[in-house]
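J.: Once you've had a glance at the structure underneath, I'll fire off some questions.
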Amino acid sequence: MIISGKELSARLKAEMAEAVKSFPEKYGRVPHLVVILVGENPASVSYVTGKAKASAEVGIRNTTIRRPESISEAELLGLIAELNADPEMDGILVQLPLPKHIDESKVIEAIDKAKDVDGFHPLNVAALWQKQPCTLPCTPKGIIKMLKAAGVEIVGKRAVVIGRSNIVGLPVSKLLLDENATVTMAHSRTCNLAEVTRGAEILVVAIGRPKFVTADMVSDGAVVIDVGVNRDPETGKLCGDVDFAAIEPKASVITPVPGGVGPMTICCLMENTIECFLRSRK
Ligand code: NAP
């Protein structure tokens, strides 16, 4: 079974759009997401465009603020302070990566926790690890939604996550743990990685290396979630961290790239924006 993140996200966005229609009458306006784009990095430009398109589909107001690569850290922090103070802004997202002269962690910490739609603020991260209400990071949240939508039983399963980044590997491991999986976290220093991954009933791969996970690393019937977004060096086309063609016949459930985790990430960003809006109304 191939889980289409594209189809699932389309369904969820349509449901959100239906709910958002009633917001002007109920709350006086629709949620407002502001995205800050620094510089012209083509991947970032494309992500920001995708976020604007999804906002339009859901009926969320989207403002993209563009600033040149040369913006100083102080200027960027000043802009965030203004947006934090503006009651018309419900969600603030700074598209990463930022130029080298800007400290990303300072920028993330500067965003009001209540408007942190990415779920990257240290207070949101702490709340996640303490099982407190918080804004969940979009990609891990989307992965759990995909597993549930595909009817994958998570409780008690052996889950292996390759990658331990703050935005994917670590939080998705925590969410799987919260779903009562038995979680192993693997990384670049893991010994006998193939042996570890063959033990996985659920395998989540977030490395950033094209087709790194090969068929011999996956057991028959495994559920495989491919987070990677890479260019295939042979074809130049987008591909994941998993050798999809070789693993799809073995896996019970697998996600494609493109059209898998990516659309779910944007879908969860929309959901997070709506959640921030509704929380601020309470
Ligand atoms: P990252 O911060 O670069 O982290 C990569 C992780 O992979 C690190 O923990 C690293 O281990 C591990 N790793 C690298 N080489 C390895 C190896 N040979 N064996 C085992 N582990 C290895 O990357 P990220 O931000 O998590 O992103 C990972 C991928 O997901 C990228 O392709 C990115 O574009 C994609 N992504 C997609 C979405 C989406 O919505 N679809 C969202 C976010 C990211 P160490 O910690 O030991 O260095």
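J.: Beyond 30 Å, what share of the Cα-Cα pairs of the chain remains, rounded to the nearest whole percent?
T.: Counting every Cα pair in the chain, those more than 30 Å apart make up 31 percent.
J.: Okay, next question. For n ≥ 4 DSSP H runs only, could you compute -39500 (n - 2.57) per run for the chain, divide by its residues and tell me the 222 nm figure to the nearest 500?
T.: On the way: 11 runs with 120 residues, N = 282.
The helix-only estimate for the chain comes to -13000 deg cm²/dmol at 222 nm.
J.: Determine the order of Lys141, Lys106 by accessible area, beginning with the largest, at a probe radius of 1.4 Å.
T.: The ordering from most to least exposed comes out as Lys106, Lys141.
J.: Now for a separate question. When the Cα centres of region 75-108 and region 196-252 are compared, how far apart do they sit, in Å?
T.: Their Cα centres are 34 Å away from one another.
J.: Just to confirm, what accessible area per residue do you get for the chain at 1.4 Å probe, in whole Å²?
T.: Roughly 47 Å² per residue, with all protein chains present.
J.: Roll a 1.4 angstrom probe over the protein heavy atoms and tell me the percent of accessible area of region 44-121 that is carbon or sulfur.
T.: 55 percent
J.: Just to verify a number: what accessible area does Phe23 come out at with the full protein assembly present, 1.4 Å probe, Å² rounded to tens?
T.: Phe23 exposes around 10 Å² with every protein chain in place.
J.: Over region 190-282, what is the percentage of antiparallel beta bridges among all DSSP beta bridges, to the nearest 5?
T.: About 20 percent, rounded to the nearest 5.
J.: So, taking all protein chains as they sit and a 1.4 Å probe, how much accessible area belongs to Ile266, in Å² rounded to tens?
T.: 40 Å²
J.: How high is the relative contact order of region 1-138? Use alpha-carbon pairs under 8 Å, at least six apart in sequence, and give a whole percent.
T.: 22 percent
J.: With every protein chain present, what accessible area does Asp178 have (1.4 Å probe, heavy atoms only), rounded to the nearest 10 Å²?
T.: Solvent-accessible area, nearest 10 Å²: 50 Å².
J.: Setting aside same-chain residues fewer than 8 positions from Lys115, which aspartates and glutamates have a Cα under 14 Å from its Cα?
T.: Those aspartates and glutamates meeting the cut-off are Glu82, Asp86, Glu88, Asp90, Glu271, Glu275.
J.: In the chain, which Cys residues have no partner Cys with a Cβ closer than 4.7 Å?
T.: For the chain, the answer is Cys134, Cys191, Cys239, Cys267, Cys276, because their Cβ atoms have no other cysteine Cβ under 4.7 Å.
J.: A follow-up question, please. In a GNM of the chain with a 10 Å cut-off on Cα contacts, which of Lys13, Lys26, Lys148 has the highest mean-square fluctuation?
T.: With Cα springs under 10 Å in the chain, the top fluctuation among Lys13, Lys26, Lys148 is at Lys26.
J.: Could you give the distance between the Cα centres of region 145-193 and region 19-53, to the whole Å?
T.: Distance between centres, Cα-based: 29 Å.
J.: Further question: For region 220-282, give the percent of accessible area contributed by carbon and sulfur heavy atoms, probe 1.4 Å, rounded to a whole number. Don't skip to the end; give the middle numbers.
T.: On the way: 1460 of 2630 Å².
Accessible surface attributable to carbon and sulfur in region 220-282 totals 56 percent.
The values are calculated or read from the model by the stated rules, or taken from the named source; none is laboratory data. Everything quoted here is computed from the prediction, not taken from an experiment. Backbone-built Cβ (ideal geometry, glycine too); neighbour counts: all protein chains shown. The accessibility values were calculated without ligands, DNA or RNA, using every heavy atom of the protein model including side chains. Shrake-Rupley method; radii C 1.70, N 1.55, O 1.52, S 1.80 Å.
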